[in-house]
Structures are given as structure tokens and as C-alpha cells.
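Q: Have a look at this one before I ask anything.
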Amino acid sequence: MATLLAALTFTACSSDDDEITIPENGTKVNGCYIVNTGNWEGNDASIQLYSYDNNTATAGDSEGNIFAVQNNTLLGDLAQDLLWTKEKLFVAVSGSQKLEILDESGKRLQEPYLFTEEGASPRMMATDGTNLYLTNYDGNVYVYNASTAAFEGKIPVGTRPEGISYCNGYLVVNNSGELYAYNGNVSIIDLSNGSTATIEMTNPYTASVVCNDEVYIIDSGNYYDIPSTVYRISPAEGTATSLGFGASAIAAYENTLFFVDNAWDYELNTFVPTPLWAYDVTTGEKREILPAATMTNVNSLSVNPETGDIYVGYAEYGILGTMRVFTADGTQKAVFGVGHYTAGARFYE
């Protein structure tokens, strides 16, 4: 593994121009990463480091972000996901059909894995602490050693797999189905014996989180007369239970599910924002955290697993985005610029 530069600094994207220092390799970064998808065929994906010490972030544009600075090249087209584990950053760049393996400064540790199979497009990731699991539109989950980044094999699943979670020995995979066919399903893989169970859905997409030892996903419906629905997946039982409400983004902390449901209104020809809700999965109690007025143009939702802080990413067409960080009670503690169409914050696993 390459050694990081102890004194390496990046100028923060903030009003006070604080600097963020990346520590030496093997020392946990006191912050998290922001992954920005970028525009379709825009070659403008980016990665930022957000510092807990001064509540600000490195640059989010395609040329000033940590990947570009460290590697003297652009990250590529459509960064879909980032998983931070074992002092490595695994970055799935779907449009460029590659998996990058970086150190904590954003520097390449090796040449990226390239996917050349028909229909290949790397999407989302999960880890069990030993292996990393990556969904790919070629119908497989790719398995890598989380410590060495060595390729270990593939697990066949459904059509166009997207979101994935690891929960108590099981992988739960959202297979979004054929494009515009709305014939998706969920694969539940028992890693102890390799068996797979299938639950039929309409359009399970990227969202998949673990909360209170169960998996929660969004079946996005058909964006017209079949509404989105949040489901609780119990992997050991192979069952799915509707929570009775929809969502466009979800995140989890302890026994609480956070969600917004900014659905498209065809009569108004716009997305209609909803409040940010907190749903207690043990009691069924739902409460408002932030009003709908603060949820306009929400593109991502993430929660710090250590503090419960809520990271809300905002995106508008054609311009760089914004991220706001709120405490669990809805108090804003930070706001900073991000790249185009941020996929959200990513924390150490």
C-alpha cells in the first residue's frame, strides 16, 4: 500500500478558507468522504473530504477534487458509489465502467478494474468486513477481498442489480429489472451456503440500508400510477413488509429510518418536496425533523453512524450542488459546496 504524504493539504471550499490535512496512511481520517456522480457523459465525477474538525470540505469540482489532485487525471463519468474500508476507498464509476482502489488521500493504489462485458456498469457496494460486494448491470455481484482488493469471484443475481446491503450473513440485492419494464425483484443471498431467495418487486432501485438488524429498501414504482413504497426486508425469513409510505431517499441510524418523498407531480410538472421524517422501526412512530421548505431539490440523504448527524445533498440542473449537515434534532451545523449530483456522504465501515 502506498504511503500517504503526512503534510498533504487541500484548500477547503468554504468562506473561511480553512485547510484540511490528510493524515498518514493507517490513521483514520477525522471526517468522511463525499462522492459526486456528475453529469451524464460529462466526465465530471468527483470525491471530496469533509472534515469534522472544521466542518468544511475540499473542492467538489471535477478538476479540484482529491482524486484529480492526487492522480493528475479526472475521475471519470458517473461515480455511483464509494465504500471506505480497510484504509482504502473503493469507488464505482459506472459510466466509465471501472472500480477504482484508492488510499485515504484519493491516490490510486493500483490500476482500476475495468468491466468490458456486455451491459456492464458497476453500481453500489457493501462489505461484511472481509469481502467487498459490488453490484454490476451485467447481472452479477462482484466479490473482492476488502484488505488486498484482490478479485475473488462473481455471484449471479437478477437483471440490472443496483442497491445492496450486508446483514447478519446475508446479502440483499435490489434488481431493478429491464429498463422501463418495471419487473424488478430482490435477491437474498445466504453467504453461508450460497442459496438465493427472490422477492418480486416493481422497481427496487439504489436505496438499501440496514436498520435494527433488518434491511430497508425503496421500491420506486413506475413514477406514475404505481407509487414508491418502503419495504422492510427480513433476510433470514425471506420476507418483505410494506411500511405503508413511500420515499425518494432513505438513511438509517440505530433504530431510526430517515426519509423524504420528493415525488414528481405530473400536473404541476415538478418535484413536490416533503418534510424530512424520522421513523422509529421498533414503535412505528413517525415525526418531522425538518420542514418541506428545506427539502427542495434533495438528491441524497446520509447519516453519520457514529454521531447521527444528517447529511442532505441538494442538486439543480447545470450547476454545482450544496450539502447541509444537520444534527439529529434538525439544527444545521454546516453547509458547503459539492459537485454535480452528489450521491451523498460515505463513512468508515
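The values are calculated or read from the model by the stated rules, or taken from the named source; none is laboratory data. From a predicted model like this one, the values you see are computed outputs, not experimental measurements. Using ideal geometry, Cβ is built from the backbone for each residue, glycine included, and neighbour counts are taken over all protein chains shown.
Q: When you look at residue 63, is it in contact (Cβ under 8 Å) with a residue 24 or more places away in the chain, in a loop (DSSP other than H, G, I, E, B) and either surrounded by fewer than 18 Cβ atoms within 10 Å (Cβ to Cβ) or more than 16 Å from the chain's Cα centre (by Cα) (or both), yes or no? If you could, list the steps in order and put the result at the bottom.
A: Numbers: in contact (Cβ under 8 Å) with a residue 24 or more places away in the chain: no; in a loop (DSSP other than H, G, I, E, B): yes; either surrounded by fewer than 18 Cβ atoms within 10 Å (Cβ to Cβ) or more than 16 Å from the chain's Cα centre (by Cα) (or both): yes.
No; evaluated as a whole, the condition is false for this residue.
Q: Can you tell me which condition residue 53 does not meet? The list is (1) surrounded by fewer than 23 Cβ atoms within 10 Å (Cβ to Cβ); (2) in a loop (DSSP other than H, G, I, E, B); (3) modelled with pLDDT of 95 or more, and all the others hold.
A: The failed condition is (3).
Q: So residue 168 clears everything in (1) among the polar types (S, T, N, Q); (2) in contact with a Phe, Trp or Tyr (Cβ under 9 Å, 6 or more places away or on another chain); (3) in contact (Cβ under 8 Å) with a residue 40 or more places away in the chain except one condition, right? Which one?
A: That leaves (2) as the condition not met.
Q: Taking segment 192-208, which residues are among the small types (Gly, Ala, Ser) and buried (at least 18 other Cβ atoms within 10 Å of the Cβ)? First the steps, then the outcome.
A: Of the residues in segment 192-208, the ones among the small types (Gly, Ala, Ser) are 192, 194-195, 197, 207-208.
Answer for segment 192-208, where residues must be among the small types (Gly, Ala, Ser) and buried (at least 18 other Cβ atoms within 10 Å of the Cβ): 207, 208.
Q: Cβ-Cβ distance below 8 Å, separation of 6 or more or different chains: which pairs start in segment 273-290 with a residue that is under 18 Å from residue 314 (Cβ atoms) and end on one that is assigned to a loop (DSSP other than H, G, I, E, B) and of a type in the set (Ser, Thr, Tyr)?
A: From residues that are under 18 Å from residue 314 (Cβ atoms), the pairs are 273/296.
Q: Given the condition of a type in the set (Val, Ile, Thr), modelled with pLDDT of 95 or more, surrounded by fewer than 23 Cβ atoms within 10 Å (Cβ to Cβ) and under 30 Å from residue 138 (Cβ atoms), answer yes or no: does some residue in segment 107-116 qualify? Before you say what the answer is, go through the steps one by one.
A: The initial filter retains those residues of segment 107-116 that are of a type in the set (Val, Ile, Thr), namely 116.
Still in the running and modelled with pLDDT of 95 or more: none.
Scanning segment 107-116, I find no residue that is of a type in the set (Val, Ile, Thr), modelled with pLDDT of 95 or more, surrounded by fewer than 23 Cβ atoms within 10 Å (Cβ to Cβ) and under 30 Å from residue 138 (Cβ atoms), so the answer is no.
Q: Can you pull out the strands (runs of 3 or more DSSP E) entirely within segment 174-258 that have at least 3 residues that are in contact (Cβ under 8 Å) with a residue 60 or more places away in the chain? Walk me through how you get there before you give the answer.
A: Details: elements: 185-190, 196-200, 204-211, 214-219, 229-234, 239-242, 249-253.
Answer list for segment 174-258: 204-211.
Q: Of the residues 14, 94, which single one is at pLDDT 95 or above and either surrounded by fewer than 16 Cβ atoms within 10 Å (Cβ to Cβ) or hydroxyl-bearing (Ser, Thr, Tyr) (or both)? It would help to see each step written out before you state the result.
A: Details: 14 fails: at pLDDT 95 or above.
It is 94.
Q: Here is a follow-up. If we keep just the residues of segment 87-140 that are more than 19 Å from the chain's Cα centre (by Cα) and of a type in the set (Val, Ile, Thr), which is farthest from residue 65 (Cα to Cα)?
A: Filtering first and then ranking leaves 130.
Q: Next question, about the same structure. Which residue is surrounded by the fewest Cβ atoms within 10 Å (Cβ to Cβ), if the candidates are limited to segment 117-131 and must be hydroxyl-bearing (Ser, Thr, Tyr) and assigned to a loop (DSSP other than H, G, I, E, B)? Show your work before the answer.
A: Keep residues of segment 117-131 that are hydroxyl-bearing (Ser, Thr, Tyr), which gives 121, 127, 130.
Next, from what is left, pick out any that are assigned to a loop (DSSP other than H, G, I, E, B): 121, 130.
Working: 121: 20, 130: 13.
For segment 117-131, the residue satisfying everything is 130.
Q: Can you pull out every residue in segment 132-163 that is touching an Asp or Glu at 6+ places or on another chain (Cβ under 9 Å), among the β-branched types (Val, Ile, Thr) and outside any loop (DSSP other than H, G, I, E, B)?
A: Once the filter is applied, which keeps residues that are touching an Asp or Glu at 6+ places or on another chain (Cβ under 9 Å), among the β-branched types (Val, Ile, Thr) and outside any loop (DSSP other than H, G, I, E, B), segment 132-163 yields 135, 143.
Q: Out of all the residues in segment 209-248, which are at pLDDT 95 or above, more than 20 Å from residue 187 (Cβ to Cβ) and loosely packed, with under 14 Cβ neighbours inside 10 Å?
A: The answer is 244, and nothing else.
Q: Which count do you get for residues in segment 74-103 that are in a strand (DSSP E or B) and not basic (Lys, Arg)? Full working, then the answer.
A: Restricting attention to segment 74-103, the residues satisfying the condition of being in a strand (DSSP E or B) are 79-85, 88-93, 98-102.
Still in the list and also not basic (Lys, Arg): 79-85, 89-93, 99-102.
Here the count works out to 16.
Q: Just checking, which of 135, 159 is under 21 Å from residue 206 (Cβ atoms), in contact (Cβ under 8 Å) with a residue 24 or more places away in the chain and surrounded by fewer than 19 Cβ atoms within 10 Å (Cβ to Cβ)? Spell out the reasoning first.
A: Values: 135 fails: surrounded by fewer than 19 Cβ atoms within 10 Å (Cβ to Cβ).
Exactly one residue qualifies, and that residue is 159.
Q: Which condition number does residue 262 fail, the rest of (1) modelled with pLDDT under 95; (2) more than 21 Å from the chain's Cα centre (by Cα) being met?
A: (2)
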